[in-house]
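The values are calculated or read from the model by the stated rules, or taken from the named source; none is laboratory data. In this text the structure is predicted, and so the values were computed from the model without any measurement. Here the Cβ is made from the backbone with ideal geometry for all residues, glycine too, and neighbour counts use every protein chain on show. SASA here: full protein model, heavy atoms, side chains in, ligands and nucleic acids out. Shrake-Rupley method; radii C 1.70, N 1.55, O 1.52, S 1.80 Å.
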Amino acid sequence: MDRAEVGALVQSAVDGDAAAWKALVEGLSPLVWSVVRAHRLSDADGHEVYQTVWFRFAQHLGRIREPDKAGSWLASTARNECLKVIRGLTRLLPTDDPQVLDRVSEDRTPEQSLIDAEEQAAEAERIRLLWQELEELGDRCRQLLRVLMASPPPSYVEVSVALGIAVGSIGPLRQRCLRRLRARLDARGAA
Amino acid sequence: MSEDGFPTAEDGFDDTGSGTGSGIGSGTDSDADAGADAEALDALEEELRQTAAVLDPLPAGLLQLAMDAYALHDLDARIAELTFDSLVDAVPVRGVDDPPRMLTFQAGGLTVDVEVNGDGLLGQVLPPQPAHIEVLGGPGAVRPLSADGMGRFAGDTPPAGPFALRLRTGGEVIVTEWLRA
């Protein structure tokens with residue numbers, strides 16, 4: 001989302017405009033969700049972090065010093081809450097359970113219902129393969145790409161605070177990670 | 001992992017195959033090739049974006065909860081900021097499997113100490129004073145706590161998920177920062 005637009009929406013929401021709040025949630029929820037998913041929390045923990053971030057944002061709404069940077073505020077808060085969850089689970093590492101993949105492909109794929117034409121089946125296969133290669137890309141690349149994948153795309157400043165990576169490093173790291181993913185897809189003959 | 005947690009090649013940002021780690025596969029790329037490559041990477045990123053929308057979308061229920069959170073916007077309440085969280089600030093104690101979560105919130109001269117454990121929640125308002133205290137669990141979820149005249153309070157259910165405390169004391173309303181228990 002455009003920063004000037006975010007700043008104006010925050011101001012309107014502070015002034016009592018519920019539609020402005022709705023627009024903020026619609027525009028920035030995908031970013032918060034991506035940050036949560038990038039940190040590989042369990043569903044339950046991830047859902048709670050997501051809620052905590054939005055509850056706290058609502059609470060601080062009129063006191064946010066730079067309303068045009070609300071996206072960064074949300075991304076940074078999401079990161080901190082995710083790291084707290086991970087700290088609290090010192091004995092239980094974030095899941096590398098291969099069943100997570102199975103679950104994604106079996107329970108959660110709306111495209112399953114679409115597989116009634118060959119073309120769609122090929123598309124579904126491509127999507128599944130992309131996701132699988134992403135999962136196997138290595139934690140840091142997977143994490144960076146998962147945040148970049150938010151729709152609308154986040155700014156590099158938002159990515160920076162979401163992951164604790166310097167803004168200037170994001171472009172080069174993005175290139176390396178995408179190239180790496182492409183190489184893996186090429187190797188599978190799926191480019 | 002480097003000191004600041006910044007990824008090094010071992011952490012998974014390394015290229016496979018190219019071996020140079022420079023990020024650009026070779027020195028022979030012309031500007032045109034580089035431009036085409038950048039476009040191809042943009043296209044791959046966009047494809048990932050569509051993939052996430054299909055395979056890992058934001059659940060509709062969560063979107064709705066964020067919409068409803070607007071009700072938590074309260075300009076009249078003061079926010080008590082979290083100034084200590086044992087999850088972050090305390091040194092772990094060896095041999096203690098499930099230590100209680102200790103939290104301290106501050107709003108001006110008022111301090112609220114809270115301990116959350118498996119049995120519930122205990123707290124103290126400082127300086128000691130009578131307060132009417134509630135646990136908020138989200139938009140519309142409110143549960144009163146028993147509090148005494150010295151600012152001590154207790155609840156026999158640990159908060160599940162995000163929570164905040166709302167205190168009414170001396171004609172003022174104070175809400176602690178939202179936290180995940």
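Structural remarks
- With respect to the conditions (1) in the same structural domain as B:Thr157 (by TED's automatic domain parsing); (2) surrounded by 12 or more Cβ atoms within 10 Å (Cβ to Cβ), B:Asp98 falls short on a single one, namely (2).
- Taking (1) open to solvent by less than 60 Å² (accessible area, probe 1.4 Å); (2) without any contact (Cβ under 8 Å) to a residue 40 or more places away in the chain; (3) hydrophobic (A, V, I, L, M, F, W, C) in turn, A:Cys82 satisfies each apart from (2).
- The criterion of being open to solvent by less than 30 Å² (accessible area, probe 1.4 Å), at pLDDT 95 or above, more than 29 Å from B:Asn117 (Cα to Cα) and facing another protein chain (nearest Cβ under 9 Å) holds for A:Ser29.
- Scanning segment A:126-154 for residues that are more than 7 Å from every other protein chain (Cβ to nearest Cβ), over 18 Å from A:Arg180 (Cβ atoms) and open to solvent by less than 30 Å² (accessible area, probe 1.4 Å) gives A:Ala150, A:Pro154.
- Matching option when the condition is more than 18 Å from B:Gly155 (Cβ to Cβ), outside any strand (DSSP E or B), open to solvent by 50 Å² or more (accessible area, probe 1.4 Å) and of a type in the set (S, T, N, Q), among B:Gln64, B:Gln106, B:Gln129: B:Gln64
- Scanning segment A:166-182 for residues that are in a helix (DSSP H, G or I), without any contact (Cβ under 8 Å) to a residue 24 or more places away in the chain, open to solvent by less than 50 Å² (accessible area, probe 1.4 Å) and more than 8 Å from chain B (Cβ to nearest Cβ) turns up at least one hit.
- Matching residues in segment B:163-172 - criterion: being assigned to a strand (DSSP E or B) and open to solvent by 20 Å² or more (accessible area, probe 1.4 Å): B:Arg166, B:Arg168, B:Glu172
- Qualifying positions in segment A:52-77 - facing chain B (nearest Cβ under 10 Å), buried (at least 22 other Cβ atoms within 10 Å of the Cβ) and of a type outside the set (A, V, I, L, M): A:Thr52, A:Trp54, A:Phe55, A:Arg56, A:Phe57, A:Thr77
- Only residues that are crowded, with 17+ Cβ neighbours inside 10 Å and either facing chain B (nearest Cβ under 8 Å) or at pLDDT below 95 (or both) were counted in segment A:156-165, giving 1.
- Sole residue being under 21 Å from the mean Cα position of the chain (by Cα) and on the phi < 0 side of the Ramachandran plot, chosen from B:Ser86, B:Ser30: B:Ser86
- The test for being of a type outside the set (A, V, I, L, M, F, W, C) and within 21 Å of B:Asp68 (Cβ to Cβ) holds for A:Glu26.
- As for segment B:108-131, it holds no residue that is under 21 Å from A:Thr52 (Cβ atoms), hydroxyl-bearing (Ser, Thr, Tyr) and either at pLDDT 90 or above or touching a strand residue (DSSP E or B) at 6+ places or on another chain (Cβ under 9 Å) (or both).
- When segment B:109-118 is filtered for residues that are surrounded by fewer than 13 Cβ atoms within 10 Å (Cβ to Cβ) and in contact (Cβ under 8 Å) with a residue 24 or more places away in the chain, only B:Gly118 remains.
- Members of segment B:138-162 that are within 14 Å of another protein chain (Cβ to nearest Cβ), in contact with a Lys or Arg (Cβ under 8 Å, 6 or more places away or on another chain) and open to solvent by less than 40 Å² (accessible area, probe 1.4 Å): B:Gly161, B:Pro162
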